[in-house]
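I have placed the structure first, in the form of structure tokens, so that the comments after it can refer back to it.
Nothing in this text is a laboratory measurement; each read-out follows from the coordinates by a stated rule. Keep in mind that this is a model prediction, so the values were computed, not measured. Don't worry about glycine lacking a Cβ; one is built from the backbone with ideal geometry, like all the others, and counts go over all protein chains shown.
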Amino acid sequence: MFRGARRSDGGLSVHAFGPMGEPSANQPSERVVSGDPEVVKKLGLERRSRSRRWLPRLVAGVAVAALGSGIWFWRAKLTAPKTPSYITGAVERGDLRETVTATGTLSPVDSVEVGAEVTGRVTQVFVDINDQVKKDQILVELDTEQLQARLEESQAQLQSAQASQRNSSATVREAESKAARAREMHAKGLISDQDLETAVATLDRAKASVSTSSAQTTVALAGLKSAKTSLGKAIIKSPIDGIVLARTVEVGQTVTAGFQTPILFTLARDLAHMQLKIDVDEADVGTVHEEQAATFVVDAYPKRAFKSKLLTLGNLPKATTTVVTYEATLTVENPERVLKPGMTATATIVTNEAKNVLSVPNAALRFVPPTASSAPKPNAGLPVPGLGGGMRGMGSRQRSPRPQGSAGPAAPRASRQNVYVVRDGALVAVSVEVGASDGRRTEIRGDSLPPGTQVVLDVAEEKP
């Protein structure tokens, strides 16, 4: 067999091979064939040469076409419209409670600070912190030496005043007798007018002396009473039945009663009954009334809710730079003595309660479609290929502003609002009448949305 190849001088080189492809021994290993077309055509060398010349061009063209198709699909994917996906929540039937939340501090119903009304050195202290005390029980005794001396002095002054009063009374009686004889003698002409006048003046002076000595006796009696009272106040007693909350006195300490009474003990009535004072925001006072039920929690027992009741709501405002509040008092029952005075508590007052009503999450009432141009009209929907959860996306949420310091329910909404549901693959706006709200869910009235209906809460994400 023959195989040929084109030479550099334009001719063809023909090689002879055996049946197995080895060079033929009977023919020359190489012959040069001129550019005779017949010979080239016969040997098939022209076709082979052309095919080898076009093969690289074909490969390059396929590669360029593949690259162009990839770029076109990539750009089409970037510019293709995206369809939104939504977060949904269910319409539920149940009870709703409107509440107002505020913070305050626990305190005893009655708290009394016991002080010293007299000056003296403490000789004995009979109670300590957390001791239960009864009314008139002795708490502290002061040194009574000086008070006893003052009492004896007052007693002596009283005795002196009483003696002076008796002497003045005797002088009056004597002057009355002399004045009576002088009048008789003057009537008989035995004494002169001057002698009569002298006797009458002596009687008047004696009577005045009696008045003076009587006043001195009264002063002495008052001094004696004061001395006895001071001596009694050296023994300090409990004014109420209760418990000792604080003690600030020690044996040997000298207390001085001056313009401000020194505080020795702080007592409280039985801690089984306490009170909680809270500050209610001015935006909530219109819904808060006496006798409303309430609960509260304290940091010491965060998982336990204590029952309470609103006792009073004050009328005196407490203004700050940002908000105006009113003080309310709640009753606190503490039979286990687990609550302590001074604890900070967060109270929740139930202002309204709706039984067995339909409700939707509040987010459903705040939701509007992502763009104004795509907002559907009632009963005219937008195509929604799929629903699903995910991260919060582009949904708009409108919140009613509230003053700082208030933790109550959101501001009242319009009586009718739109919520959005998915029906037959379309986003549909449904008008509902709203009612009570507990801050998380809001009552809806009517039968347009039966229980279990999924309402749109927010845009979750965008998917191509």
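A few remarks follow.
- For region 88-216: Kirkwood Rh in Å [reciprocal of mean 1/r, alpha carbons]: 23.3 Å
- Inter-site label distance for Ala156 and Asn352 at 7 Å from Cα along Cβ, in nm: 8.1 nm
- Counting every other Cβ atom within 10 Å of each residue's Cβ, Val421, Val432, Val324 order from fewest to most as Val324, Val421, Val432.
- Kirkwood radius, region 144-233, all distinct C-alpha pairs, inverse of mean reciprocal distance: 15.2 Å.
- Residue order for Tyr326, Tyr301, Tyr86, Tyr420, fewest other beta carbons within 10 angstrom first, comes to Tyr301, Tyr326, Tyr420, Tyr86.
- Of all aspartates and glutamates in the structure, those lying under 20 Å Cα to Cα from Lys178, and not within fewer than 8 positions of it along the same chain, are Asp193, Asp195, Glu197, Asp204.
- Sorted fewest first by neighbouring Cβ atoms within 10 angstrom, Ile349, Ile129 come out as Ile129, Ile349.
- Taking 0.36 nm per residue of separation and subtracting the current Cα-Cα distance, fully stretching the chain between Lys237 and Asp193 would add 9.0 nm.
- The protection proxy used here, the mean number of other Cβ atoms lying within 10 Å of each residue, ranks peptides 354-365, 245-256 as follows, highest first: 354-365, 245-256.
- Other residues with beta-carbon under 15 Å from the beta-carbon of Ala305 carry, at +1 per Lys or Arg and -1 per Asp or Glu, a net charge of +2.
- Proximal aspartates and glutamates relative to Lys228, as straight alpha-carbon distance under 13 Å, when same-chain residues fewer than 8 apart are discounted: Glu145, Glu152, Glu153
- For region 144-233, averaging the sequence separation of C-alpha pairs within contact (under 8 Å, six or more residues apart) and dividing by the residue count gives a relative contact order of 52 percent.
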